[in-house]
Amino acid sequence: MQSRTYDIGFKTNFEHIIPNSDNTQKFTILYTHGFCSDPWGRKPEEVKKWCATHHVPFYRYELAGHGSDKENFEQTDINIYKAQILEIIDKYIEGNIVVVGSSLGGWLSLIAAINRPNRIKGIVGIAAAPDFTVEYMKYITPAQREEMQKFGKISYPGQNITFTITKRLIESGNENLILDKDVIDINCPVVLVQGMQDVSVDWHKTLKLAEKIKTQNVKIKLLKNANHRLNEDSDIAEILSALDTFL
């Protein structure tokens, strides 16, 4: 594991593996993790194993303010995460890229494909959560809204963790909305893996996302008993099956 300081001023850990093989694939899997998460859990580990099996270069990284940089979390926002992934694409990965994005990472995958269409050749969205900042604001109370205006942040209870939601996160999210567009200008193949028991991302939203993406090559894998984590053996199998379509 190595660390890197990005142009945005944040330093986080990353891993970049390029197989030394005559059979090495001519694209890289770029794994982008979720909000208040990291790229070292089961899903990215399984994706890494898949890459090793199929001789595919693999890149994973911590979002600014996450993992080893979590003490700086409140100084980050969607624009920071956007700048970070675009810098990685522009400076640190050569050739074609398939982005595997979990939750917030799914949103960033879509942003990357819109902004770097010549580099992004595919997306696998794992419980992709575009525009999730809008959803947060639907559920906060008037008292919380006042607290955010006064202090610049609030505590927001999740399933297994209490999130800190900052005003700058919400405002930057509003600058990067995707689902408010009639057509999302993405032309590469997209596979969306979504659990129907996900309480963080309503699966109907995934249908809406698929409908708006411009390319005709959009597939949805709806997993009836899966939740937002998509961490069970059967969930992982569906994610890896989605990756198989890019070989």
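Only the coordinates and a few stated rules stand behind these numbers; no lab work does. It should be emphasised that the depicted structure is a prediction, and the values quoted were computed from it without experimental measurement. With ideal geometry, Cβ positions are generated from the backbone for all residues, glycine too; neighbour counts draw on all protein chains shown.
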Report task. Of the DSSP beta bridges with both residues in the stretch 8-143, give the percent that are antiparallel, rounding to the nearest 5. Result -> 20
Query raised in the report: Which whole-number percent is the relative contact order of the stretch 186-247 (Cα, under 8 Å, 6+ apart)?
Result: 41
Report summary line: For Kirkwood radius over Cα pairs in Å the list reads (1) 25.0; (2) 18.2; (3) 19.6; the calculated value is entry (2)
**Report entry** Listed peptides 190-200, 118-128, 103-113 by packing density, highest first (mean Cβ within 10 Å)
**Finding:** 103-113, 118-128, 190-200
Query raised in the report: When the gyration tensor of the stretch 126-182 is built from Cα positions, what are the square roots of 5 times its three eigenvalues, in whole Å, from largest to smallest?
Result: 20, 15, 9
Query raised in the report: Taking Cα pairs under 8 Å and at least six residues apart, what relative contact order does the chain come out at, in percent?
Result: 16
Query - 3J(HN,Hα) from dihedral phi, the stretch 60-71, Karplus parametrisation 6.51/-1.76/1.60, rounded to Hz, x for glycine, proline - result: 9, 8, 7, 4, 3, x, 10, x, 5, 10, 5, 5
Query raised in the report: Tally Lys and Arg at +1 and Asp and Glu at -1 over the other residues with C-beta under 13 Å from the C-beta of ASP235: what net charge comes out?
Result: 0
Report task. Sticking with the crude label model, points 7 Å out along Cα→Cβ, report the distance from ASP233 to LEU177 in nm, one decimal please. Result -> 4.4
Report summary line: For the pair GLN149 and THR162, the simple spin-label estimate (label points 7 Å beyond Cα toward Cβ) gives in nm 2.4
Query raised in the report: THR32's amide H: which non-local residues (gap 5+, or another chain) put their own amide H closer than 5 Å, with H modeled 1.01 Å from N in plane and none for Pro or chain starts?
Result: VAL100, GLY101, SER102
Query raised in the report: So who's got an amide H within less than 5 Å of the one on ILE184, skipping anything under 5 residues away but keeping other chains? H placed 1.01 Å off N, in plane.
Result: ILE213, LYS214
Report summary line: Subtracting the Cα-Cα distance of SER241 and ASN187 from 0.36 nm times their residue separation yields 17.3 nm
Report summary line: In the chain, helical segments from DSSP H whose Cα atoms cover 24 Å or more along their own axis and that average at least -1.0 on the Kyte-Doolittle scale are none
Report summary line: Taking a ≥ b ≥ c as the square roots of the Cα gyration tensor eigenvalues, with a/c under 1.5 meaning rounded and otherwise prolate when a/b beats b/c or oblate if not, the stretch 109-247 comes out oblate
**Report entry** Gained length - LEU222 relative to GLU71, 0.36 nm times residue gap less alpha-carbon distance
**Finding:** 50.8 nm
Query raised in the report: What number, in percent, do you get for the relative contact order of the stretch 1-58 if the mean sequence gap of Cα pairs under 8 Å and at least 6 apart is divided by its residue count?
Result: 40
**Report entry** Pairs of lysines in the stretch 98-200 (C-alpha under 30 Å apart; 8 or more residues apart or interchain)
**Finding:** 9
Query raised in the report: Which percent, to the nearest 5, of DSSP beta bridges fully inside the stretch 109-245 are antiparallel?
Result: 30
Query raised in the report: Counting only residues 5 or more places away or on other chains, whose amide H sits under 5 Å from the amide H of GLY195 once H atoms are built in the peptide plane?
Result: ALA127, LEU223
Query raised in the report: Going 7 Å from the Cα of MET137 in the Cα-to-Cβ direction, what parts of the stretch 170-189 have a backbone nitrogen less than 12 Å from that spot?
Result: 170-177
